[in-house]
Amino acid sequence: GMTPAVIYAEDAVDGIPCLIKDMSTTGARLELQEKWTYPFKSTFGHLDRVRLVVRADRVMYDCKLIRRKDNEFGVKFTAPPKPIAKIVR
């Protein structure tokens with residue numbers, strides 16, 4: 001199945017849940033649940049840089065938003081994954 005993750009805008013406290021459809025060493029393709037489409041568009045529409053937190057792997061990626069279509073979007077990793085010591089809130 002797809003891996004759940006959370007995406008955060010640069011200064012955002014609240015993350016938006018998403019699913020990782022596929023991931024490579026350079027980036028990932030993510031899918032939002034339908035109900036999250038609107039908050040994503042309003043909160044992140046103008047923002048390029050986001051953080052992708054994958055709790056299952058206990059890692060966080062700094063990313064650049066490279067494309068978006070409906071509730072699917074692509075990110076490019078801008079740095080190697082960083083370990084997360086605890087659940088990110």
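FYI, it's all coordinate maths here, none of it is from the lab. Because the structure is predicted, anything quoted here is derived from the model rather than measured. No Cβ is skipped: glycine too gets one built from the backbone with ideal geometry, and neighbour counts run over all protein chains shown.
Net charge in the neighbourhood of CYS63 (other residues with Cβ under 10 Å of its Cβ; Lys, Arg +1, Asp, Glu -1) is +2. A simple rule links phi to the HN-Hα coupling: the Karplus curve 6.51 cos²θ - 1.76 cosθ + 1.60 with θ = phi - 60°, which for the range 63-78 gives 9, 10, 6, 10, 7, 8, 9, 6, 9, 10, 8, x, 10, 10, 6, 9 Hz, with x for Gly and Pro. Residues in the range 21-31 carry Karplus couplings, in order, of 6, 7, 9, 10, 6, 9, x, 8, 10, 10, 10 Hz; the curve used is 6.51 cos²θ - 1.76 cosθ + 1.60 with θ = phi - 60°, and Gly or Pro positions show x.
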